Amino acid sequence: MSGLLETCEELFNTRDLYKVIGVEATASEKEVKKAYYKMSLRVHPDRNSGDEKSTEKFQALCRVYSVLSDTGKRTLYDESGEVDDEVDMDQDRDWSGYWRLLFPKITLQDILDFEKTYKGSEEELADLKTAYVDNEGDMDLIMETVMCSSIEEEPRYRRLLLDQIREGALPEYEAFTQEDRSKKQHRKRKAKKEAKEAASMRKDLGMDDSAVALRSMIAQRNENREKGFNSFMADLEAKYAPKGKKTKKGKK
């Protein structure tokens with residue numbers, strides 16, 4: 001398994017663990033957990049069936065949080081730029097179960113309610129502006145970055161960003177204002193393909209399109225995961241005990 005910092009560089013284009021989850025190095029424990037939750041929702045495999053890297057990203061985020069949420073590991077990282085990869089939890093763990101341990105009260109309805117309040121909010125606009133600047137107007141990357149995004153939301157995103165550009169709140173990037181039509185069409189085709197694959201998967205699972213069916217499936221998954229929680233926690237304690245090798249972070 002690759003070291004955590006190397007994995008982050010490959011998947012998120014940075015070796016800075018704080019940048020991976022989108023916080024400053026001075027972030028509080030509460031701020032780190034909130035940022036991790038938002039990012040993990042964004043890349044969760046259940047919500048990104050068309051992204052081949054979603055599972056790897058989700059696992060990497062869990063590993064990042066396991067470092068930044070532990071006082072000793074975070075201090076080591078802050079002071080030396082190193083991560084103890086042998087103490088860091090292994091890649092084959094049930095990371096969805098780990099996520100449920102951290103956020104045990106999160107339900108499907110919570111996620112649906114979050115999407116309703118997030119869309120059109122100041123928080124969404126701030127995230128959209130950040131994604132626009134970070135990706136220099138590349139709409140493909142913007143759509144991959146903003147939470148709860150879909151091809152149906154793209155026209156609204158464009159209107160919001162154009163308003164911000166006209167008001168001088170955002171710089172004008174040619175990649176955005178002069179995007180090639182073929183690139184837009186490719187994005188639409190990709191979205192249609194992913195929707196078709198999702199529909200086929202639902203059919204294979206004998207599900208309808210209702211939230212009730214989806215809720216039932218998630219409830220069954222959670223029931224199965226709960227059976228392994230006790231052994232999971234015992235394994236965590238065993239993993240944290242040894243003292244392992246260190247991987248250098250390198251320059252930021």
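Tabulate in residue order the Karplus-calculated ³J(HN,Hα) for region 115-129, using 6.51 cos²θ - 1.76 cosθ + 1.60 with θ = phi - 60°, rounded to whole Hz; enter x for Gly and Pro.
4, 5, 7, 6, 5, x, 8, 5, 5, 5, 4, 4, 5, 5, 5
Of all accessible surface on region 104-178 at a 1.4 Å probe, what whole percent is carbon and sulfur? Spell out each step's value before the answer.
Values: 2110 of 4220 Å².
On region 104-178, the fraction of accessible area on carbon and sulfur atoms equals 50 percent.
Roughly how many nanometres apart are two label points built 7 Å out from the Cα toward the Cβ at ALA126 and LYS53?
About 2.6 nm, to one decimal.
Along region 178-184, what does the Karplus equation 6.51 cos²θ - 1.76 cosθ + 1.60 (θ = phi - 60°) give for ³J(HN,Hα), rounded to whole Hz, x for Gly and Pro?
10, 4, 5, 4, 5, 5, 5
Based on the Cβ-Cβ distance of ARG159 and SER69, what FRET efficiency does E = 1/(1 + (r/R0)^6) give at R0 = 51 Å, to the nearest 0.05?
Working: r = 38 Å, r/R0 = 0.75.
Calculated transfer efficiency: 0.85.
If you add up the charges near SER28, with Lys and Arg at +1 and Asp and Glu at -1, over every other residue whose beta carbon is less than 13 angstrom from its beta carbon, what do you get?
Surrounding charge for SER28 is +1.
Of the peptides 15-23, 70-78, how do they stack up when ordered by the mean number of other Cβ atoms within 10 Å, highest first?
Numbers: 15-23: 20.9, 70-78: 15.2.
Highest-to-lowest ranking by the protection proxy: 15-23, 70-78.
Anything over 31 Å Cα to Cα? Flag those among LYS30/LYS190; LYS34/LYS184; LYS33/LYS183; LYS34/LYS196; LYS19/LYS190, in the order listed.
Details: LYS30/LYS190 37 Å; LYS34/LYS184 33 Å; LYS33/LYS183 36 Å; LYS34/LYS196 33 Å; LYS19/LYS190 28 Å.
Long pairs (Cα-Cα over 31 Å): LYS30/LYS190; LYS34/LYS184; LYS33/LYS183; LYS34/LYS196.
What are the semi-axes of the equivalent ellipsoid for region 128-184, taken as the square roots of 5 times the Cα gyration tensor eigenvalues, largest first, in whole Å?
On the way: eigenvalues 49, 35, 23 Å².
Semi-axis lengths for region 128-184 are 16, 13, 11 Å.
Could you give the nm distance between label points at ASP78 and ARG189, where each point is 7 Å from its Cα heading toward the beta carbon?
With each label point 7 Å from Cα toward Cβ, the separation is 5.0 nm.
The values are calculated or read from the model by the stated rules, or taken from the named source; none is laboratory data. Not measured: the values here are computed from a predicted model. When we count neighbours, we look across all protein chains shown, and the Cβ atoms used for this are built from the backbone with ideal geometry, even at glycine. For the accessible areas, the whole protein counts, side chains as well, though only heavy atoms, and no ligand, DNA or RNA atoms are used. Shrake-Rupley method; radii C 1.70, N 1.55, O 1.52, S 1.80 Å.
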